[in-house]
Amino acid sequence: MNKSPLRIAIVRLTALGDIINGTVVLQLIKKHYKDAQIEWFCEEAFASILQDHPDLEKVHAVPIKRIKRSKDLALLQATNKALKSAGPFDKIIDMQGLIKSAVVARLIGKETHGFDKESARESVAAWFYKSTSSIPYESNVIKRNIDVVADALEFSVSDAEILAKKPCFASQAKPGFLASEKQNIALVIGASWPSKEYPKEKFAELCFALEDAQCILIWGSEKEREYATFIAERASNVTITPKLSLRELTATIEHCDLTIGNDTGPTHLAWAMNRPSITLFGPTNTRMIYETPINLACESDSPVDIMKINKQDFSIKEIRVHEVVMKAKKLLK
């Protein structure tokens with residue numbers, strides 16, 4: 001009698017960068033459980049980047065932010081019903097470790113696994129899990145994702161396997177706005193907090209210093225579009241992208257020769273797609289990325305307490321443009 005394929009639910013609701021970094025677990029699961037049926041539960045705003053992923057059976061868009069904003073009881077009840085009817089799953093793995101993600105995991109079913117109370121971001125989350133893993137919160141974010149999944153499914157992953165990963169998203173066509181006669185450098189100028197943003201004046205200096213390449217300015221808000229305009233007025237080798245969907249963003253990063261940006265989702269896409277990158281850190285640190293020979297970091301000298309991030313730490317502005325340029329030229333060779 002044939003055994004049914006393992007059904008696995010991954011819960012990682014937010015944010016974009018964490019979802020992007022988390023997708024590496026899909027190919028690792030498939031390596032050990034080739035026929036596994038994997039489904040992902042995330043906030044509806046980020047669902048499109050996972051749609052049609054070759055290793056996913058289904059993506060569930062969970063409207064938590066919309067429920068909180070609208071206080072719509074009918075929507076809450078419909079979401080609760082949809083989560084409860086999504087299973088059954090053999091294993092439900094919460095990669096986030098927050099109360100909200102743990103509640104979602106428990107609504108999906110009983111076979112829940114997550115971080116224990118010492119290593120979850122919110123210790124109460126551990127109450128909702130049937131089994132837990134002890135993985136220090138301060139350890140590398142990508143390794144934490146991998147380790148909690150590997151522990152739940154009883155396999156192990158080496159650093160060599162992570163370095164040898166395939167691109168985490170399917171290849172897409174090259175966007176028409178990228179230069180064909182020059183190297184293209186994507187610049188990710190926005191971030192979730194002002195203190196994570198490298199100054200627009202320094203991005204302009206960076207473009208000027210990398211004059212042999214075309215600098216592609218990626219923006220996602222009106223404020224970021226204004227920053228892009230400021231930079232374009234000061235450097236001639238600049239292209240401002242149109243407003244990009246998450247799919248178009250992935251294609252842009254995939255086909256650029258280098259991505260330089262703040263600690264945010266679009267910058268993390270470069271690592272996910274096995275493309276060169278330089279991530280700029282001020283109030284956060286390299287725990288947020290998986291450094292490789294082509295995925296580098298530039299950090300300020302500011303001390304970082306990962307358990308209590310200082311959002312008023314604007315030390316990212318102290319990173320010298322020259323330091324970024326030297327690393328960029330090395331990667332562009």
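The values are calculated or read from the model by the stated rules, or taken from the named source; none is laboratory data. Fair warning: this is a prediction, and the values are worked out from it, not measured in the lab. Note: ideal-geometry Cβ built from the backbone for every residue, glycine included; neighbour counts use all protein chains shown.
Worth pointing out:
- The residues of the range 89-121 that are out of contact with any Lys or Arg (no Cβ under 9 Å at 6 or more places or on another chain) and assigned to a loop (DSSP other than H, G, I, E, B), listed by number, are 116, 117, 118, 120, 121.
- Residue list for the range 272-293, filter: over 19 Å from residue 206 (Cα atoms) and either of a type in the set (A, V, I, L, M) or over 20 Å from the mean Cα position of the chain (by Cα) (or both): 272, 273, 288, 289
- Where a residue in the range 293-312 is surrounded by 12 or more Cβ atoms within 10 Å (Cβ to Cβ) and its partner, wherever it lies, is among the acidic types (Asp, Glu) and not in a loop (DSSP other than H, G, I, E, B), with Cβ under 7 Å and at least six apart: 298/323; 300/318
- Condition met for residue 61 (out of contact with any Gly (no Cβ under 7 Å at 6 or more places or on another chain) and outside any strand (DSSP E or B)): no
- Some residue of the range 12-24 being assigned by TED's automatic domain parsing to the domain that holds residue 62 and in a strand (DSSP E or B): no
- Residue list for the range 40-99, restricted to those being among the β-branched types (Val, Ile, Thr) and more than 21 Å from residue 125 (Cβ to Cβ): 49, 59
- Residue within the range 238-258 that is closer than 15 Å to residue 197 by Cα, surrounded by fewer than 22 Cβ atoms within 10 Å (Cβ to Cβ) and of a type outside the set (Asp, Glu) present: no
- Filtered residues of the range 174-192 (kept if under 21 Å from the mean Cα position of the chain (by Cα), at pLDDT 95 or above and over 20 Å from residue 212 (Cβ atoms)): 188, 189, 190, 191
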